[in-house]
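The values are calculated or read from the model by the stated rules, or taken from the named source; none is laboratory data. It should be emphasised that the depicted structure is a prediction, and the values quoted were computed from it without experimental measurement. Glycine also receives a Cβ, built like all others from the backbone with ideal geometry; neighbour counts cover every protein chain displayed.
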Amino acid sequence: MSKSALLLAAALVAAPAFAQDNAAADPVILSGGGVSIHRSEFENAMKSLPPQYLDYAMGPGKRQFAEDFLRMKLLAAAGTQAGLENDPEVVQQLKIMRENLMASAQLRKIEQGIAVSDDDLHLAYEARKGELERAKARHILVAFKGSPVAQPGKPELTEEQAKAKAEELRTKIETGAAKFEELAKTESDDVGSGESGGSLGEFGRGQMVPEFEQAAFTTEVGKLSPVIRTQYGYHFLQVESRGVTPFEEAKANLERAERNARVQAEIAKLMSAAQPKFDDAYFGAAK
């Protein structure tokens, strides 16, 4: 089955046909077996595809999508001729599809009715500053046996040995016996960052494993963190700088989050007002 065929049903559910009186403005671009497909109908079907497939359907996959579209129309016409539109299962599925379309249209109406001002976004920014923290750091990692980043050909270390080695390397840097960047290049099992002196660049909350994030956002800037354990091994890090994502840089994400929160709040109000009653014998008791 082609890529366009897999997505055709969803496109058709969301894309009703729009007849046009002006044939020149909306020409028939495909026909066969008594079925005529106007350009507007075909393009509306394409535009209803998920964004990641739209370029394919409007580009190299256009003819294939058209064949699938015509095939569906021919099958639908044959089904109508056979009286399948009165089949109880078909009737029920059409009802569900119609309700799904109406729900989607109402959701869009709710979304379009939401206005988020700059004042709203500044308030959200202040409330979420903790989530918008960023840090720039470098680290050295000593992997233990079983670590996903253990280097082939290097001696396998037990957890105790890996921790002891990490402590030793940290002490060398702390006492000035070695430079962080040099040891990162020669000793770190994170070879990617090791090549650049252990640098991880800048990262935000939620981008690192929890133990590492905790160290990155609590260690004093310029100082070495204690040795910490993660699933990768034993690390220590040095925070080079720390700050908060500027408002203008965070603005687009804040607006999306605020809009989504307000949409969800409207849906929650709708559900609450409905006072749903579940059949516990069928669904099980609420947890």
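Results for (1) charged (D, E, K, R); (2) under 30 Å from Ser147 (Cα atoms), shown as yes or no for each residue.
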{"position": "Ala215", "(1), (2)": "no, yes"}
{"position": "Lys223", "(1), (2)": "yes, yes"}
{"position": "Pro226", "(1), (2)": "no, yes"}
{"position": "Arg242", "(1), (2)": "yes, yes"}
{"position": "Glu248", "(1), (2)": "yes, no"}
{"position": "Ala257", "(1), (2)": "no, no"}
{"position": "Val263", "(1), (2)": "no, no"}
{"position": "Gln275", "(1), (2)": "no, no"}
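To keep it simple, each residue is scored yes or no on (1) more than 25 Å from the chain's Cα centre (by Cα); (2) touching a residue at least 24 places away in the same chain (Cβ under 8 Å); (3) over 22 Å from Ile267 (Cβ atoms).
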{"site": "Asp55", "(1), (2), (3)": "no, no, yes"}
{"site": "Arg63", "(1), (2), (3)": "yes, no, yes"}
{"site": "Leu74", "(1), (2), (3)": "yes, yes, yes"}
{"site": "Leu94", "(1), (2), (3)": "yes, no, yes"}
{"site": "Arg108", "(1), (2), (3)": "no, no, no"}
{"site": "Gly130", "(1), (2), (3)": "no, yes, yes"}
Residue tally, condition within 22 Å of Val263 (Cβ to Cβ), exposed (fewer than 13 other Cβ atoms within 10 Å of the Cβ) and of a type in the set (A, V, I, L, M), over region 88-112: 3
Considering only residues of region 17-35 that are closer than 19 Å to Thr80 by Cα and surrounded by 13 or more Cβ atoms within 10 Å (Cβ to Cβ), which is modelled with the highest pLDDT? Val35
Check region 238-246 and report whether any residue there is within 30 Å of Lys172 (Cα to Cα), at pLDDT 95 or above, in contact with a helix residue (DSSP H, G or I) (Cβ under 7 Å, 6 or more places away or on another chain) and not aromatic (Phe, Trp, Tyr). yes
Need pairs with beta-carbon distance below 6 Å; first residue farther than 16 Å from Arg134 by Cβ and modelled with pLDDT of 95 or more and within region 217-230, second polar (S, T, N, Q) and in a loop (DSSP other than H, G, I, E, B); sequence gap 6+ or separate chains. Ser225/Thr219
Show the residue pairs meeting these rules: Cβ distance below 9 Å; 6+ apart or different chains; first residue within region 168-189 and without any contact (Cβ under 8 Å) to a residue 12 or more places away in the chain; second residue surrounded by 19 or more Cβ atoms within 10 Å (Cβ to Cβ). Lys172/Leu183; Ala178/Leu169; Lys179/Ile173; Thr186/Gly194
In region 135-155, which residue that is in contact (Cβ under 8 Å) with a residue 12 or more places away in the chain and surrounded by fewer than 20 Cβ atoms within 10 Å (Cβ to Cβ) is farthest from Gly243 (Cα to Cα)? Lys154
Can you name every residue in region 170-208 that is surrounded by 13 or more Cβ atoms within 10 Å (Cβ to Cβ), within 35 Å of the chain's Cα centre (by Cα) and over 22 Å from Phe144 (Cβ atoms)? Glu181, Ser196, Gly197, Ser199, Glu202, Phe203, Gly204, Arg205, Gln207
When only residues in region 42-82 that are out of contact with any helix residue (DSSP H, G or I) (no Cβ under 7 Å at 6 or more places or on another chain), loosely packed, with under 15 Cβ neighbours inside 10 Å and hydrophobic (A, V, I, L, M, F, W, C) count, which is farthest from Pro27 (Cα to Cα)? Ala82
Being in the same structural domain as Lys165 (by TED's automatic domain parsing), surrounded by 11 or more Cβ atoms within 10 Å (Cβ to Cβ) and at pLDDT 95 or above narrows it down to one of Glu255, Glu213, so name that one. Glu213
